[in-house]
Amino acid sequence: MRPIWTLDESHHADRTVVEQGLPSAALLSAAGFQLARFVNLTVPQGGVVVLAGPGSNGGDGWAAARLMAFHRPVSLIPVLEPRFPDAEGWMGAAQAAGVDIVTGASARRRVAEASVVVDAIFGTGFHGSARTSPAGPWLSRLADLGVPVVAADLPSGVDTDTGAYDGPALNMTATVAMGAAKWGHLGYPGAGHTGPLVIANIGLPQVSATGGSIEPDRGRAHP
């Protein structure tokens with residue numbers, strides 16, 4: 001049995017481990033490592049494009065981009081200005097490792113040429129419409145191109161607690177969930193846009209206030 005977290009439970013797990021003494025930068029680093037490791041193992045060759053948002057989900061993307069750049073070409077598109085803790089330091093470290101920061105026409109071209117795109121725009125904190133959000137144009141482009149996509153924690157635009165989603169269908173290779181599955185991975189239509197779900201251990205406590213859990217085989221089954 002594996003726990004399934006709500007948005008509040010996910011945030012509680014993050015706060016708990018930081019209050020226990022783990023620096024928030026270490027948590028971000030662990031998430032970036034797991035994301036980079038999965039991408040390198042499943043799509044080992046070719047260029048990677050990371051679409052990064054403003055929050056901690058985007059931070060995971062920056063951290064993963066830095067690690068992948070030691071082994072392969074990596075471009076990062078800052079969809080929105082980074083606002084996660086110590087963003088400037090992570091940005092500088094990524095560029096020092098060889099990550100190419102691209103915008104405009106160059107960014108659109110890199111997406112079309114990528115072997116895989118990492119969706120790290122919006123994670124568990126997203127509310128509203130995917131289509132009208134800043135992620136909307138990029139999600140539409142990914143759908144049109146059919147490029148393989150790996151989502152960080154939760155596909156951008158999927159509601160964490162319900163699975164509500166009004167964006168296009170992507171060629172989702174997998175979603176790498178940090179710490180535990182979220183209800184948005186299992187509720188439709190979000191479940192239909194998650195792809196194979198991979199749970200990454202980043203050192204978060206395995207607790208759930210609601211006691212929600214699901215058998216792995218049932219999680220893979222379509223209702």
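The values are calculated or read from the model by the stated rules, or taken from the named source; none is laboratory data. The structure presented is a predicted model; accordingly, all values stated were derived computationally and were not measured. Ideal geometry is used to build each Cβ from the backbone, glycine not excepted, and the neighbour counts take in all protein chains shown. We work out accessible area using only protein heavy atoms, side chains counted, and drop any ligands, DNA or RNA first. Shrake-Rupley method; radii C 1.70, N 1.55, O 1.52, S 1.80 Å.
The listed residues SER115, SER10, once ranked by accessible area (1.4 Å probe) with the largest placed first, stand as SER115, SER10.
Sequence-distant contacts, meaning Cα pairs under 8 Å at least 6 residues apart, place the relative contact order of the chain at 24 percent. Of PHE84, PHE122, the residue with the largest accessible area leads and the full order is PHE122, PHE84 (1.4 Å probe). Hey, of [x] 25, 21, 15; [y] 37, 25, 12; [z] 31, 24, 14, which did the structure itself give for semi-axes √(5λ) of the Cα gyration tensor in Å when calculated? It is the one labelled [x]. The calculated FRET efficiency for the pair GLN45 and GLN20, based on their C-beta separation and a Förster distance of 45 Å, comes to about 0.70. GLU88 contributes an accessible area of around 150 Å² to the protein surface, as traced by a 1.4 Å probe with all chains present. Placing a label point 7 Å from the Cα of THR162 along the Cα-to-Cβ direction, the residues of the stretch 124-141 with a backbone N closer than 18 Å are 124-133. With a 1.4 Å probe and every protein chain kept in, tell me what percent of the accessible surface of the stretch 98-207 is carbon plus sulfur. Ligands and nucleic acids excluded, carbon and sulfur reach 52 percent.
Three semi-axes describe the equivalent ellipsoid of the stretch 1-62; taken as square roots of 5 times the Cα gyration tensor eigenvalues and ordered largest first, they are 25, 14, 12 Å.
Given R0 = 22 Å, the distance between the Cβ atoms of ALA169 and HIS11 translates into a calculated FRET efficiency of 0.20. Rounded to the nearest 0.05, the FRET efficiency derived from the C-beta distance between ALA97 and ARG2 at R0 = 35 Å is 0.55. Here the chain is treated with +1 on each Lys and Arg Cβ and -1 on each Asp and Glu Cβ, and its dipole about the Cα centre works out to around 520 debye.
For MET172, neighbours were defined as the other residues whose beta-carbon sits under 14 Å from its Cβ, and their charges (Lys and Arg +1, Asp and Glu -1) total -2.
Going toward the positive end of the dipole of the chain, with +1 on Lys and Arg Cβ and -1 on Asp and Glu Cβ, which of VAL39, PRO23, ALA13 do you reach last? Going by the charge dipole, the pick is VAL39. Rolling a 1.4 Å probe across the protein heavy atoms gives the chain an accessible surface of 45 Å² per residue. Taken one residue at a time, the phi angles of the stretch 181-190 give Karplus couplings (6.51, -1.76, 1.60, θ = phi - 60°) of 5, 10, 4, x, 6, 10, x, 7, x, x Hz. Gly and Pro are set to x. Within the chain, DSSP assigns beta bridges of which about 5% are antiparallel (rounded to the nearest 5). Under a Cβ-Cβ cut-off of 12 Å, what is the net charge of the residues other than GLY184 that fall near it, where Lys and Arg count +1 and Asp and Glu count -1? Residues close to GLY184 contribute a combined charge of -2. In this rough spin-label picture, where each label sits 7 Å from Cα along the Cβ direction, the GLU81-ARG37 distance is 3.5 nm.
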